[in-house]
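Please read the structure below before turning to the comments.
The values are calculated or read from the model by the stated rules, or taken from the named source; none is laboratory data. Note that the coordinates shown come from a computational prediction; the quantities given were computed from them, not determined experimentally. Because the Cβ atoms are built from the backbone with ideal geometry, glycine has one as well, and the counts that use them run over all protein chains shown.
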Amino acid sequence: MPTTSPVPWWRAHRKELRRAGLVLAALYVLYLIAANVFLNSAFGAGVINGKPERYHARWDWAMSLYPGHIHARGIVMGGHARTNRWTIASPRANGRIKLLPLLWREVAFGTIRAHDVSVHVARTTQDLPSTVRPGKTPWTLRFDAITTPSLLRLDFYDTRVTGHGEARFVFEKTLQGGAMEVGRSTLHMPDATLQVADVPLLRDGLLEFEIAIPAHIREQAQGEEKLVLLDAHMRVDGPAPGIDLVARDDDPLPIGAAGFVGRLRADLTLERGVLMPGSRLDWSAPVFSSTREGAPLRHPLGVALRTTRDAIHVAARVPPPGSGTPHLRADLRVADRRLGPDDWLRPLRALGGTVETRWPDVPLRWIDVILDDVDWLAFNGRADLDADVRLADGALQPGSRIDIDDAALAARVLDNRFSGQAHARMRMQGDAASPRTTIAIVMDRFTLAPESAPKRIDLRGRDLRLDLASTGALAEFHERLDAHLRFADAEVPDLRTYNRYLPGDSARLLGGSGHASGDIRLDNAGEMVSGHMRVRGQGVRVALGPSRLSGDVDLDSRLTRMQKVGRRYVIDALALQLDGVRLDGAESGDAPWWAQMALEDGTLTWGQPFEVTGRGRLDMRDVSVLLGLFAERSVFPRWIGDLIDSGEAHATGQLRLRERELVFDRVQASNDRIDLQARLRISDGTPDGDLYARWGVLGMGVELQGGDRKLHIAGARNWYESRPPLLPE
């Protein structure tokens, strides 16, 4: 058959083809100029960083050789999604953006290949919610694969991985609250260093990790809730840290200070938040400690984890090389393989097994981890530990015990801190159906200091006892906790320290020392439920406004909380005894004064200062001190002075102590010869009040205003009755 030569066709269309070629070349040159100017100009950076609070990117320079292709150097990208901030940095990367999907509002990237990558993901307290625009189709971001042959660092919340590895990340996200999906993403790093919450777990070892999360929206799972959707597989093999109990006393988990002289092997698989059968972990490492004399000790530790269809099994061993040295034997079983934010304590509630250990001079910060919800009580320092524990379904079983000797203990109660060296005895009582856990704590010597001034000693004593009791499972120990704190005859070096509870210049302690006793019931938050407190002071000097008194004091009170929470209390009983009292300015020949007071229908709000209200009954040697609060004896008529020493008097009245004010109202005192009525307010140290005294047909009144006195003789009773009360009925 005859063939048609292309030459004639080429010659016939040569001019058109040349024009088309020139047009394509011109378009390509135009694209090169436009695209590369856009990528390397402030205008292009401004377009890409239109919402820097959500997404931002910068690069040293970039170029595009054809539509969709991008090559960049010195790249730093970051963003803020809800409560997460992320940053990715790479010195160079190549990628391809698909152009056609842009037509249906989809930013789709082909394979992106980056080098020497660092990734940082962290939580932030600032929540940046998605902005939904009604009527507009949201954009979708799709990364088919972000790959790197040289991942250098990955920070993911509290976890950090460093080394040189290969990584592949697949991701898709629809904006404005749409679905997010993480495809099968992998990490392979043969020389990885793994660190969690500043605790090193692996150095220069093999780390392989695979993760996938199905498509979901925020309402289905957010933050830690994504764990129930997570499929993951991790394999670890390499040098692991030992445990140093000497150099890291302040750490609750003292791992890593002794160097990577152990071995960690793990092969763990997680599907939808469930640890799968076949998952395993083996950790062998030495434990470094010392004798009380400082001689170094080294003990081999082995930990093994195995997962079966029914449970997670954990075993730990430290064999005893000799008597008096550390020993650990733990065989534990967790009858629930699920890990999830809906109930982080689920594994603890499913915990069973035995733990036996004897360990001298062991750091105690781990107790703070166990008592995390009992934050008013803190063990610290080092102590001798002797424990034999039986667990079933997260509950200590009868016969379990933990003994701790020579531990530093601090307990916060009512804004004060009890502290001292203590020994504690935990015992499990009752039976499996109704277990009861008790912890008996004794401080042989203790001090009390305000939390606001921890170096100041308000109280110093011996034999403080703190008894803790709770029922139910170990995981619920703090929820059902009751506490009982007792001490007796503790020394109060200087009573002036308690002026922080008093109303400033209106009533304050000027000096004196004493002793105090307490018997206090506490709830699980360390707040007082009820209490019996007694303070006895010798040589106490007191200022009531401008008046000065001195003598011995014995205050005995019983309180009960009014509501389930808070610091408002009913005063069940309050007795105050004053003896050997002298009022400055009194006659030198006057005998010492005494009084006994009881407060009825009283309430107390514990704060700084206190608020105390109630109605009091007072028996006293005579009315001399009461009159002395209004004026010196020389101010009164002579017949008043003759009655001061006329015998015992009995009085009633209302009391209120609040902020910088002390108020006595509706005071009525009498004996066989005199009747007396009074009301007195001392505010910021300045007294104001009214006094009316009557003997037979004789009567007089004293009006006290700003420290100035005015006597009322004629019509004194009518004058007094016309004066308004200071407190409501």
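Taking the condition at pLDDT below 80 and surrounded by fewer than 19 Cβ atoms within 10 Å (Cβ to Cβ), does residue 219 pass?
Values: at pLDDT below 80: yes; surrounded by fewer than 19 Cβ atoms within 10 Å (Cβ to Cβ): yes.
For residue 219, the condition - at pLDDT below 80 and surrounded by fewer than 19 Cβ atoms within 10 Å (Cβ to Cβ) - is met.
Counting just the residues of region 279-319 that are over 17 Å from residue 265 (Cα atoms) and touching a residue at least 40 places away in the same chain (Cβ under 8 Å), which one comes out surrounded by the most Cβ atoms within 10 Å (Cβ to Cβ)?
289
Determine, yes or no, whether residue 531 is under 22 Å from residue 567 (Cβ atoms) and surrounded by 17 or more Cβ atoms within 10 Å (Cβ to Cβ).
Details: under 22 Å from residue 567 (Cβ atoms): yes; surrounded by 17 or more Cβ atoms within 10 Å (Cβ to Cβ): yes.
Here the answer is yes, as residue 531 does meet what is asked.
Hey, can you tell me all the residues within region 473-491 that are in contact with a Ser or Thr (Cβ under 6 Å, 6 or more places away or on another chain), crowded, with 16+ Cβ neighbours inside 10 Å and aliphatic (A, V, I, L, M)?
481
Please determine whether any residue of region 523-537 is over 26 Å from residue 412 (Cα atoms) and either out of contact with any helix residue (DSSP H, G or I) (no Cβ under 9 Å at 6 or more places or on another chain) or in contact (Cβ under 8 Å) with a residue 60 or more places away in the chain (or both). Talk me through it step by step, then tell me what you get.
Initial filter on region 523-537 (over 26 Å from residue 412 (Cα atoms)): none.
So far as region 523-537 goes, no, none of its residues is over 26 Å from residue 412 (Cα atoms) and either out of contact with any helix residue (DSSP H, G or I) (no Cβ under 9 Å at 6 or more places or on another chain) or in contact (Cβ under 8 Å) with a residue 60 or more places away in the chain (or both).
Given region 631-729, what strands (runs of 3 or more DSSP E) lie entirely inside it while holding 2 or more residues that are farther than 30 Å from residue 611 by Cα? Full working, then the answer.
On the way: elements: 649-658, 661-670, 675-683, 686-695, 698-705, 708-712.
In region 631-729, 686-695, 698-705, 708-712 are the strands (runs of 3 or more DSSP E) which contain 2 or more residues that are farther than 30 Å from residue 611 by Cα.
If you check 557, 547, which single one turns out to be in contact with a helix residue (DSSP H, G or I) (Cβ under 7 Å, 6 or more places away or on another chain), hydroxyl-bearing (Ser, Thr, Tyr) and assigned by TED's automatic domain parsing to the domain that holds residue 507? Please lay out each step first, then the result.
Working: 557 fails: in contact with a helix residue (DSSP H, G or I) (Cβ under 7 Å, 6 or more places away or on another chain).
Exactly one residue qualifies, and that residue is 547.
Would you check if residue 425 is closer than 30 Å to residue 659 by Cβ, part of a strand (DSSP E or B) and modelled with pLDDT of 85 or more? It would help to see each step written out before you state the result.
Details: closer than 30 Å to residue 659 by Cβ: no; part of a strand (DSSP E or B): yes; modelled with pLDDT of 85 or more: yes.
No.
So in region 653-695, with the set limited to residues that are of a type in the set (Val, Ile, Thr) and under 47 Å from the mean Cα position of the chain (by Cα), which one is surrounded by the most Cβ atoms within 10 Å (Cβ to Cβ)?
First, pick out the residues of region 653-695 that are of a type in the set (Val, Ile, Thr): 663, 667, 674, 682, 686.
Adding the requirement that they be under 47 Å from the mean Cα position of the chain (by Cα) leaves 663, 682, 686.
Numbers: 663: 22, 682: 26, 686: 15.
Only one residue tops the list, namely 682.
Please specify each residue of region 166-185 satisfying the condition of being charged (D, E, K, R) and under 21 Å from residue 117 (Cβ atoms). Spell out how you get there, then give the answer.
The first filter runs over region 166-185 and keeps only residues charged (D, E, K, R), leaving 166, 168, 172-173, 181, 184.
166, 168, 172, 173, 184, listed by residue number.
Which residue out of 685, 706, 653 is of a type outside the set (Asp, Glu), over 20 Å from residue 635 (Cα atoms) and at pLDDT below 90? Outline the logic, then answer.
Working: 706 fails: over 20 Å from residue 635 (Cα atoms); 653 fails: at pLDDT below 90.
The conditions single out 685.
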